[in-house]
Structures are given as structure tokens and as C-alpha cells.
Amino acid sequence: MHVIGTAGHVDHGKSTLVEALTGTHPDRLKEEREREMTIDLGFAWLTLPSGEVVSIVDVPGHEDFIKNMLAGVGGIDAALLIIAADEGVMPQTREHLAILNLLRIGRGVVALTKTDMVDDPDWLTLVEADIADTLQPTSLAGAPIVPVSARRRRGLAELLAALEGVLAEIPPRRDLGRPRLPIDRVFTIQGFGTVVTGTLSDGRLRVGDEVEILPRGLKARIRGLQTHKQKVEGAVPGSRVAVNLVGVSLDDLRRGDVLSRPGLLRPTRLLDAQIELLPDAPRALRHNAGLDFFTAASEIPCHVRLLGVQELAPGESAWAQIVLDEPTAGV
């Protein structure tokens, strides 16, 4: 099972392309439809020419919703970086690309969208060259660039073939028998109760399993499982899965919680990590600075204690201890 995450600047056609590829418009919220702008995470799936069914997480491109983007890309295998042919590389293109690079997402395809809005072939050549230069210092260096038009359905077959080629290079996810599902959506279905969704990081889940919701240690039982809206008896590593839970209510849960086997994980508030400050960061990072910590689908305020230095300049890296305001089990 593979998961593709979109990335790219606002209004470059991410959701429109996902709908053209899958038949499903990923914008779920009424406000998104009214504003014609993605605000929160959307989900869909497609069938590749080989027959493999692949999950898609569609993320917002507007800078105001970057936190929602971060909640969606933590569990992806490959990126679908979407850049409009009429505008080329834009600020959120670079911001999303920097995030993918920090996550070491090393597989991806660039969809050069809205090619029907560009009549000058020389302009397209310049845009493709600029994209290649932008990708060069990142983990997506050398990624294929595929011109497409979602509205005219041009280039979609070539895009699917490119995605299939990239995913074929990715080894299957390891199954170490330690199921972890970072929760990115919580909702209820009348007659069924509480449902959570996420990408299963490791291990397997089965109907009837007893589970624990961390970091608060809530106990529940799996009543049902679905992948791509199809009922399944078990979920495997790397799959997008919806879990119907018995024993917890909607108010008990939130995005960023982690579903696991009882007693398997222990939450923590202290993390040791090597951190890297982006070269274009607006200022240096000082010892004990207050920041937001993102892992999997969670966001937690924290303080960063630099080890051995008092300040980290843009482009530099150092070891640090991260002190979280509240515990997490999502690392």
C-alpha cells in the first residue's frame, strides 16, 4: 500500500487534478466549496495502470493553513508536487518543497498544471527549467515533470505512468508488529459511532482488536475497518484506514492522537533530535526558544534547548533537547 501527498502553492490546481485522476473531489467542507479553496486535508484514491490502488492525501496550499498541510504529509511515501504552468514556482511551492525536503521525501512527480492556459511553448520550457533548478538542491532532485491539463484531461495517462514508476522504486513498509495509527480526522457516523482515520505506520489492525488511544491512555475496541470505503477485516502497514471505535466518544479524541496496541507505546515530553534551520529562515534560533513541534498529525507547543551552542544560524544544524508542553506518542 502506498500513500501520495499533494504539495504546492494555493490555486495551482491540486484538488482539481486529484478529482480528474480519481473522480473524487477531495474538498469535504462546505466552506471549501464556497471559497473554492482547500482549507483542511482531503482524501481520495486512484488505480494505477498496474492495478495497484494508491491513497492520496490532498493538502491546502494557502500559507494560512500550513499547519493542516503538515498534519497530512507525515505519513506519505511520495509527493505529487503541483505547479501551475502560467505562474511557475511560487512562495508556497518553495515552502512545501522545504517541508518535503526536511521529511526526506525522496520520491515524487511534478505535475505542471494548467498547460491549457499557456500558448507559448518557450514559456513552458522556461518554467520546466526553473522547476528543475528549484528541485536540484532538495530530496526531489531529478523528479519527472509531467505537463497536464486537468480540465481538458491532457497528460493524465502520462502522469499516472510517472507515478507508477516512482512508486515501484519504494520498498514495502516494514511490519514490525507494532501498530501505530496517527489520527488525522475524527468524526461520527449515525448508527456506527466514533470513527478515526489515518495512515497505519506499522503493524496490523483487525476487527475486534482492543486498542489504546495515546497520550491519554483511553481504551477502545475496533468495531469495523474500512480502506477506500470498502470494509476490510484487517489493515496492513501503509494503508489509509478508517477505524470505527467502541468505548470512546467524539469528544474524547482529537487530531494528533495515536491509536496503538495497549501497553505498546509510552508517551513522552522530552525528545533528543538533530535540528536544522532552513537557509532562508528570517532569524537565528536562540537557546530555549518557544516553537511549535509537529510530528505525524500532531502539533504541540515546545521549547528547544540547544546543546553546545547558544544560537543556531540559518543553514546550520545542531543537537537539541525538545521539551514539549504536553506528552506525545507520535514520534
Look through region 84-143, keep the residues that are in a loop (DSSP other than H, G, I, E, B) and polar (S, T, N, Q), and return whichever of them is most open to solvent (accessible area, probe 1.4 Å).
Q136
What are the pairs, 6+ residues apart or on separate chains, where a residue within region 11-30 that is within 16 Å of G155 (Cβ to Cβ) and modelled with pLDDT of 95 or more has its Cβ under 7 Å from a residue that is open to solvent by 30 Å² or more (accessible area, probe 1.4 Å) and hydrophobic (A, V, I, L, M, F, W, C)?
T22/W45
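Can R221 be described as touching a Ser or Thr at 6+ places or on another chain (Cβ under 9 Å), part of a strand (DSSP E or B), of a type outside the set (V, I, T) and open to solvent by 60 Å² or more (accessible area, probe 1.4 Å)?
Values: touching a Ser or Thr at 6+ places or on another chain (Cβ under 9 Å): no; part of a strand (DSSP E or B): yes; of a type outside the set (V, I, T): yes; open to solvent by 60 Å² or more (accessible area, probe 1.4 Å): yes.
So R221 does not fit the description; no.
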Can you tell me how many residues within region 162-176 are modelled with pLDDT of 95 or more and surrounded by fewer than 15 Cβ atoms within 10 Å (Cβ to Cβ)?
1
State whether one or more residues within region 309-322 are under 21 Å from G74 (Cα atoms), touching a Ser or Thr at 6+ places or on another chain (Cβ under 7 Å) and not in a loop (DSSP other than H, G, I, E, B).
no
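Which residues, taken from region 144-161, are outside any strand (DSSP E or B) and open to solvent by less than 30 Å² (accessible area, probe 1.4 Å)? Spell out the reasoning first.
Step one: filter region 144-161 for residues outside any strand (DSSP E or B), giving 144, 148, 150-153, 155-161.
V148, A150, G155, L156, L159, listed by residue number.
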So, of the residues in region 257-305 that are of a type in the set (A, V, I, L, M, F, W, C) and part of a loop (DSSP other than H, G, I, E, B), which turns out to be surrounded by the most Cβ atoms within 10 Å (Cβ to Cβ)?
A297
Return only the number of the condition from (1) of a type outside the set (S, T, N, Q); (2) in a loop (DSSP other than H, G, I, E, B); (3) farther than 15 Å from H12 by Cβ; (4) under 15 Å from the mean Cα position of the chain (by Cα) that A71 does not satisfy.
(2)
Looking only at region 3-26, how many residues end up being within 24 Å of R94 (Cβ to Cβ) and among the acidic types (D, E)?
1
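The values are calculated or read from the model by the stated rules, or taken from the named source; none is laboratory data. Please read these numbers as outputs of a predicted model, since none were measured by experiment. In this analysis, Cβ positions are derived from the backbone assuming ideal geometry, glycine residues included, and neighbour counts consider all displayed protein chains. Each accessible area value is taken on the protein alone, full model and side chains, heavy atoms only, with ligands, DNA and RNA left out. Shrake-Rupley method; radii C 1.70, N 1.55, O 1.52, S 1.80 Å.
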